[in-house]
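Enquirer: Mind having a look at this structure? Questions to follow.
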């Protein structure tokens, strides 16, 4: 039997933070399909990170960007719209 007593719950506040981060990304021309740059590396926004926790939570790293080096999670301050 699976013990779920220690299962972490996602706070509603983290969901609001993620939604706010995604909204800011879209409003700042960093929506899905848009060309962006991370320093000198160019990429395309392919989605949004909705993970509420972990090393790269969606409220701080909302963008999923595909580059020639692979896909990564990035913050709005790390990515520039082209």
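Enquirer: Taking the range 46-71, which residues are closer than 16 Å to residue 34 by Cα and either under 8 Å from the mean Cα position of the chain (by Cα) or surrounded by 18 or more Cβ atoms within 10 Å (Cβ to Cβ) (or both)?
Expert: First, the residues of the range 46-71 that are closer than 16 Å to residue 34 by Cα: 46-49, 62-68, 71.
Those that are closer than 16 Å to residue 34 by Cα and either under 8 Å from the mean Cα position of the chain (by Cα) or surrounded by 18 or more Cβ atoms within 10 Å (Cβ to Cβ) (or both): 47, 48, 49, 62, 63, 64, 65.
Enquirer: Follow-up. As an exercise: evaluate residue 79 against (1) touching a helix residue (DSSP H, G or I) at 6+ places or on another chain (Cβ under 9 Å); (2) surrounded by 13 or more Cβ atoms within 10 Å (Cβ to Cβ); (3) at pLDDT below 95 and give the number of the one condition it does not meet.
Expert: (3)
The values are calculated or read from the model by the stated rules, or taken from the named source; none is laboratory data. As the structure is a computational prediction, the values presented were derived from the model and not from experiment. As a convention, Cβ positions derive from the backbone with ideal geometry for all residues, glycine included, and neighbour counts pool all protein chains shown.
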